[in-house]
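The values are calculated or read from the model by the stated rules, or taken from the named source; none is laboratory data. For clarity, every value in this text was computed on a predicted model and none was experimentally measured. Cβ atoms come from the backbone with ideal geometry, glycine included; neighbour counts cover every protein chain shown.
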Amino acid sequence: MLLDFNNLSSYQKLEIDKISHEIEKDFHNFIEVLFENNKDNIDLLFSNIISRNNDENSIFYNLCLFQLSLKLNQEGKLNKIITSKIEQTEILKQKIKNIDIITQKKNGVNFLSNIYKIIKNIHYVLKLKSCQNFKRKEKVKKLKKITLLEIFFIPKMFSNNIYHDRYYGNLLEEIDDNKKKNLIFFPIFFHKAIKKKFIKLAEKKINLILQSDYLKFEDYVNSITFFLRIKKLNLKNLVFKGFNIDNLVKCTINAEKLNQSTLIALLNYHCFKRMKEQKLNLKLIIDWYENQIVDKGFNYGKNIFFPKIKSKGFLGLNSILEINKNFIPSRFEIKRNLAPDEICLISPKYFEVLKKERSDINFTLAPALRSVNLLKEKFDLLPKKSNIEQFKILINFTGSYFDNLEMIELINKCKILQSKKIDLFIRPHQASDKKIFNKYLSKKINYQYSQIFFYDEMKNTDLLISRSSTACFESLIFGVPVLITRRKNSFLPTKIHKTFPDKLWFFSNDSYELEKNISRIMVDKTKYIVKSVDERKKLLSEYFYPTIKENISFFLK
C-alpha cells in the first residue's frame, strides 16, 4: 500500500479520523508542555502553533499522519510513503526504517514571499493608523457601562454605499435608544475593508471604536516585529509519542510567523492595554468567537487588563462542532486566559449536549442573530417543482482561497455533475473572487452562479453540497438534504453523533463518495428530506435560538 500524505485514500482518511480522537488529549498535553517551556514569552500565545484550527496550525494533522504511518507499517500494509516536507520524512525515519520514504517537496517559505508579507503587514498598519479619530475616542470615553462587541468588516458589507451588518442581524432593532448609545462595535478589518469611506458608512448606523483610536507607535512596532521575537522560543527536545518533532514545530512557526492574524491578535492585545490606561468604562465585552488567533489576542488582552469585566464568546454561526472542535475552548486555553468567561451557543441541541460534556465551561444560549431572516420564514408545504426531470444542486463555498481550490478539484472529479439532468449552481463566499471559479472549474461542467438570497434559493433546490457551515443546518429547514465534504487537511466525525440530524445529511470523503451520495438522493429524494411543517419547525427550534427581545436582553446582560 502507498501512503501519500498529499493524497490519502478513502480508507486512510477514515483511519486518520479515528486517530485524531485517540491522540487529541496527548496533543493538548503537548501544548501545555510547550507553554511551560516558554511561559515567560507571551508571544507564544499569539503564534499559530497554539491554535487548534487546522487552517492556522498543521501540527496536529501532521501528528495524525505520523501515527497513521506507524499503524499501517506495523500491520505490514505499507511499501512506500510520500511526504510533502523534508521535516516529515526526517521524523518518520526515526521509527520507520524498513520501507522507502521520499519527499515530493512543495514550494517552501522563500525570501521574496516573506518580504511581501512584511510589506503587506506594514501597509495594513498604515491604513489602520490613517483611520485614527480622536473625537470618536473622546466621545466613547464619556460613556458609562459600555457593551463592547467585536465585529468583522469585509468590503461586501458596504455594497451600494450602504452598511449591511452580516453578524448581529436585528440586534439594534430590538433594544431601546438608551442602550444603543452604550453599545460600541469594535471592528476587525479584512485588509481591503480598511477605508475611511466604509467607516463613515458604518458610523451612520452603529457606534464604533477602532484599535487605532487607542494604539501608540510602539504598539504597532511591537506587533509588526513579532517575527523577530518568535525566534527566541525554546523549541528543543519536543517529543510526541516517541517522535522528536522540533523541526516540524520550527517549520510550522516559520511558515506563519508573518501571518496577518497574529498581527491583528497583537494589536487587539495592545488596544485593551491602552483602553485600560484610558479608564474606559466597560460593562460587558462580546467576542464574535471562532477561537482563532485573532480571538486569542482579543480575549487575552481583555482577561489581563479587564479581568473583572464579564466577557462572552458569541458563537454566532452554527458550524458542525464535531468537525470544528477548536470552536470550543480547551482546558489549556481557559487556564491561560485565552478564552471568554462564557460561551454563547445559538443551537439548543448543542447546548444540551455540551453543557453535560464540558462542566468547566459556562455555556449559555444566545439568539441566532445572523439567521434572523430564517426565523421569520413562513412554513408552508414544500413547493412542487415545475420541472421534475431536472435536479438542482447548490454548491456552497467558504471564504478560504485554498479551500475553494480543494472543493473545485473535488467537483471536477465528480463526473455525475456533468449530467444534463443536473442544474448546478455555485455560491461563492462574500469574501471570494469569482475569477478562481471561472479559471479552475472544468469546462465540462455547466454551472451558473447563485444570484438570489440563500433562503430563496433553498426553496427551489434539491441538494446542497457544502463544507461544515451554518448553511448545512439552514438547508434542512427548507427540506433540502445536505452532503458535507471533507477539507483536505482536516477530519470528519467517525460516527453519527447525537447532535446530527438523522438521515438528512451525509459526509463525503472524496469524489467517489460524493458521486455515490448524489446518485442515491437523485433516485429518491423523498427518503432524505423533512416534508412536514411540524418536523421542520422542530428542527428550527433545535438549531436556532429565537431572536426575540427577551433573549437579546439576556444576551446583553
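So the values come out like this:
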| item | result |
| --- | --- |
| Residues satisfying the stated conditions in region 142-155, i.e. touching a residue at least 60 places away in the same chain (Cβ under 8 Å), basic (Lys, Arg) and farther than 24 Å from ASP295 by Cα | LYS144 |
| Test: residue in region 182-196 that is farther than 27 Å from ASN53 by Cβ, of a type in the set (Lys, Arg), crowded, with 16+ Cβ neighbours inside 10 Å and within 27 Å of the chain's Cα centre (by Cα) | yes |
| Region 458-483 residues that are in contact (Cβ under 8 Å) with a residue 40 or more places away in the chain, paired with ones that are outside any strand (DSSP E or B) and aromatic (Phe, Trp, Tyr) (beta carbon under 7 Å, 6 or more apart) | MET458/PHE478; LYS459/PHE478; ALA471/PHE454; PHE473/TYR543; PRO481/TYR528 |
| Of all residues in region 281-306 being among the aromatic types (Phe, Trp, Tyr) and surrounded by 20 or more Cβ atoms within 10 Å (Cβ to Cβ), the one that is nearest to ASN182 (Cα to Cα) | TRP288 |
| The listed residue being in a loop (DSSP other than H, G, I, E, B), more than 24 Å from the chain's Cα centre (by Cα) and at pLDDT 95 or above, out of LYS105, LYS95, LYS77, LYS39 | LYS95 |
| Output for region 118-155, where each listed residue is at pLDDT 95 or above, within 28 Å of the chain's Cα centre (by Cα) and part of a helix (DSSP H, G or I) | ILE118, ILE119, LYS120, ASN121, ILE122, HIS123, TYR124, VAL125, LEU126, LYS127, LEU128, LYS129 |
| Pair list, Cβ under 7 Å, 6 or more apart: region 358-382 residue touching a residue at least 40 places away in the same chain (Cβ under 8 Å) and among the polar types (S, T, N, Q), other residue surrounded by 14 or more Cβ atoms within 10 Å (Cβ to Cβ) and assigned to a helix (DSSP H, G or I) | SER371/THR470; SER371/GLU474; ASN373/TYR455 |
| Evaluation of ILE42 against (1) buried (at least 17 other Cβ atoms within 10 Å of the Cβ); (2) over 24 Å from LEU492 (Cα atoms); (3) out of contact with any helix residue (DSSP H, G or I) (no Cβ under 6 Å at 6 or more places or on another chain); (4) β-branched (Val, Ile, Thr) (one fails), failing number | (1) |
| Subset of region 42-52 that is of a type outside the set (S, T, N, Q) and part of a helix (DSSP H, G or I) - its residue that is farthest from THR252 (Cα to Cα) | ILE42 |
| When residues of region 303-339 are limited to those that are of a type in the set (Phe, Trp, Tyr) and more than 16 Å from TYR289 (Cβ to Cβ), the one nearest to the chain's Cα centre (by Cα) | PHE332 |
| Sole residue being touching a Phe, Trp or Tyr at 6+ places or on another chain (Cβ under 9 Å), free of Cβ contacts under 8 Å to residues at least 60 places away in the same chain and assigned to a strand (DSSP E or B), chosen from PHE158, PHE185 | PHE185 |
